[in-house]
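**Student:** One structure is given below, represented as C-alpha cells, and several questions about it will come after.
The values are calculated or read from the model by the stated rules, or taken from the named source; none is laboratory data. Quantities reported herein were computed from a predicted structural model and do not represent experimental measurements. Cβ sites come from the backbone with ideal geometry, for glycine too, and all protein chains shown count toward neighbours.
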C-alpha cells in the first residue's frame, strides 16, 4: 500500500491527491453559482395582492403536492385562501409537466387571481401555467417557510386521513380522489364559522340531514 506524505509532495502531486480525495470531481470556483434544479422565483409571497393577504377575495390559491409512494404518483392540491375550497387531482409523477397538467385542468372555470406554491422542483416550469391561465402570477415563499402557506399545509394534513403517508396512490381511481376532495369541501370548519368550504365558495347553505 502506498502512503502519501502530503507535506513533502510537489504542487503537482498534491493536485493528484486532492483529485483522488474528491473521486475525480472538480471543485467549482468561489464565484460559481449553482443553477441546476433551481426555480426561477417570479414574485415573493409578501407581494401577494391585498385580497390574498386578508382573505377578502376568492381566487387566491395556495398549491402543493402530497407525495404517495416514492417515485410513483402524487396528489396536486390547490386551496382557495378565503374559503378553504380544495381542487386538485392525481399527477402520474412528481414532475413539472405532470403537475402543471393537473393544475391547469383543476383551475379551469374557477376565479384565478394568484397562485402560491412551495419551492419544490415540480413547480419549476410555472411559467407554462401562467401562459395557460391568462397570465396568473405565481408568488413563492422564502425557503423553509411552510407557515407562509399554512392554508394549504393544514388542508393537506386533513387529506392525509384518506391518503396516509407512504401509501401508493398510483392505481387509485381519479373518481375516488375527487370524492375525497369533495368530502373535505363539505366538512364544516371552525375558521369559517362552522360552514363548509363549499358553502362559502359558492355562497350556498347546505341542509345536512
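**Student:** Return yes or no: is residue 198 over 22 Å from residue 94 (Cβ atoms), crowded, with 17+ Cβ neighbours inside 10 Å and touching a residue at least 40 places away in the same chain (Cβ under 8 Å)?
**Tutor:** Taking the combined requirement at face value, the residue satisfies it.
**Student:** Related question: Mind listing whichever residues of the range 68-77 are in contact with a helix residue (DSSP H, G or I) (Cβ under 9 Å, 6 or more places away or on another chain) and free of Cβ contacts under 8 Å to residues at least 60 places away in the same chain?
**Tutor:** 76
**Student:** While we're on this one: So in the range 177-195, with the set limited to residues that are assigned to a helix (DSSP H, G or I) and touching a residue at least 24 places away in the same chain (Cβ under 8 Å), which one is farthest from residue 59 (Cα to Cα)?
**Tutor:** Among them, the one singled out is 177.
**Student:** Separate question: Any residue that is within 22 Å of residue 175 (Cα to Cα) and assigned to a helix (DSSP H, G or I) - is there at least one of those in the range 49-69?
**Tutor:** No.
**Student:** Can you tell me which residue within the range 122-138, out of those that are touching a residue at least 12 places away in the same chain (Cβ under 8 Å) and in a loop (DSSP other than H, G, I, E, B), is surrounded by the fewest Cβ atoms within 10 Å (Cβ to Cβ)?
**Tutor:** Filtering the range 122-138 for residues that are touching a residue at least 12 places away in the same chain (Cβ under 8 Å) and in a loop (DSSP other than H, G, I, E, B), the one surrounded by the fewest Cβ atoms within 10 Å (Cβ to Cβ) comes out as 134.
**Student:** Within the range 164-176, which residues are in a loop (DSSP other than H, G, I, E, B) and either touching a strand residue (DSSP E or B) at 6+ places or on another chain (Cβ under 7 Å) or touching a residue at least 60 places away in the same chain (Cβ under 8 Å) (or both)?
**Tutor:** 165, 166, 167, 168, 169, 170, 172 - these are the residues of the range 164-176 that are in a loop (DSSP other than H, G, I, E, B) and either touching a strand residue (DSSP E or B) at 6+ places or on another chain (Cβ under 7 Å) or touching a residue at least 60 places away in the same chain (Cβ under 8 Å) (or both).
**Student:** Is it fair to say residue 73 is farther than 18 Å from residue 154 by Cα, crowded, with 18+ Cβ neighbours inside 10 Å and modelled with pLDDT of 95 or more?
**Tutor:** yes
**Student:** Continuing with the same structure: Look at residue 100 and say whether it is over 17 Å from residue 58 (Cα atoms) and free of Cβ contacts under 8 Å to residues at least 40 places away in the same chain.
**Tutor:** Yes, satisfied.
**Student:** Just checking, does the range 108-122 include any residue being more than 23 Å from residue 51 (Cα to Cα) and in contact with a helix residue (DSSP H, G or I) (Cβ under 8 Å, 6 or more places away or on another chain)?
**Tutor:** Yes; the residues of the range 108-122 include at least one that is more than 23 Å from residue 51 (Cα to Cα) and in contact with a helix residue (DSSP H, G or I) (Cβ under 8 Å, 6 or more places away or on another chain).
Every residue, every condition in (1) more than 15 Å from the chain's Cα centre (by Cα); (2) within 19 Å of residue 40 (Cα to Cα); (3) surrounded by 21 or more Cβ atoms within 10 Å (Cβ to Cβ), yes or no:
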site	(1), (2), (3)
62	no, yes, yes
88	no, no, yes
93	no, no, no
99	no, yes, yes
106	no, no, no
114	no, yes, yes
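**Student:** Now a separate question. Which one of these does residue 119 not meet: (1) in contact with a strand residue (DSSP E or B) (Cβ under 8 Å, 6 or more places away or on another chain); (2) surrounded by fewer than 17 Cβ atoms within 10 Å (Cβ to Cβ); (3) more than 12 Å from residue 64 (Cβ to Cβ)?
**Tutor:** All conditions are met except number (3).
**Student:** Only residues that are part of a loop (DSSP other than H, G, I, E, B) and either in contact with a strand residue (DSSP E or B) (Cβ under 8 Å, 6 or more places away or on another chain) or modelled with pLDDT under 95 (or both): list them for the range 139-163, please.
**Tutor:** 139, 141, 142, 143, 144, 145, 160, 163
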